[in-house]
Amino acid sequence: MAIGRSFEETFQKALRMVDEDIIGFEPYARTVTDDELSIPTDKRVFILATALRQGYSIERLFELTKIDRWFLYKFASIIEFLVKHSDSLIFQDQTLLLKAKRLGFSDKQIGIYCNTTELEVYASRQRFNIRPFVKQIDTVSGEWPAQT
């Protein structure tokens with residue numbers, strides 16, 4: 001389970017929880033085919049990331065996958081940010097770093113894209129006062145008084 005303030009943030013957190021080798025919504029390095037997109041598999045979400053990076057339109061992806069357009073637009077916003085800022089030093093710009101964090105990019109992910117370390121990104125977050133926020137969640141729906 002993942003909890004965040006936006007779908008994009010929650011989705012990327014959830015992907016990282018699936019497998020320790022997954023750092024987020026990452027495109028594969030290779031190209032994808034229409035057949036790969038139309039067949040549901042456990043890897044299709046990453047194939048979708050690649051397709052978005054290759055320039056597939058939301059409409060074409062909807063035709064092939066039948067995944068609701070709302071989700072496709074949310075996935076596209078993650079990839080658009082990645083493509084637009086892949087050559088920039090996101091961690092040195094407070095506005096970009098905040099946007100990256102709101103889209104669910106981890107410090108490790110940002111470090112990889114910026115050719116730096118996770119610790120350098122962490123230090124930038126501290127300098128810009130961008131900190132994780134933890135909220136308390138009632139896990140028993142108010143049925144009993146609970147400390148979580």
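All of the numbers you see were taken from the coordinates with simple rules; none came from a lab. Here the structure is a predicted model, which means the values were calculated and not measured. Glycine gets a Cβ as well: all are built from the backbone with ideal geometry, and neighbour counts include every protein chain shown.
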query: Modelled label-to-label distance, residue 42 and residue 20, 7 Å Cα→beta-carbon offset: nm?
result: 1.7
task: Scan the chain and report its longest stretch carrying no trypsin sites (Lys or Arg not before Pro) that are both in a DSSP loop and have at most 15 other Cβ atoms within 10 Å.
output: 67-134
message: Place a point 7 Å from the Cα of residue 58 along the Cα-to-Cβ direction; which residues of segment 84-98 have their backbone N under 19 Å from it?
response: 84
- prompt: Rg/Rh for the chain: what does it come to with C-alpha atoms and Rh from Kirkwood?
  reply: 1.02
- line: Length-normalised contact order of the chain, Cα under 8 Å, at least 6 apart, in percent, tallies to 20
- prompt: For segment 65-148, what does the alpha-carbon gyration tensor say about shape, rounded, prolate or oblate, given a ≥ b ≥ c as the root eigenvalues, a/c under 1.5 as rounded, and a/b over b/c as prolate?
  reply: oblate
- request: Given a cut-off of 27 Å, name the pairs among 43/84; 66/101; 43/74; 108/135 whose C-alpha atoms lie farther apart than that in the structure shown.
  value: 66/101
statement: For segment 79-148, listing chymotrypsin sites (Phe, Trp or Tyr not before Pro) in a DSSP loop whose Cβ sees at most 12 other Cβ atoms within 10 Å gives 133
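Using Cα-Cα distances under 8 Å and only pairs 6 or more residues apart, what relative contact order does segment 1-85 have, in percent?
For segment 1-85, the relative contact order is 24 percent.
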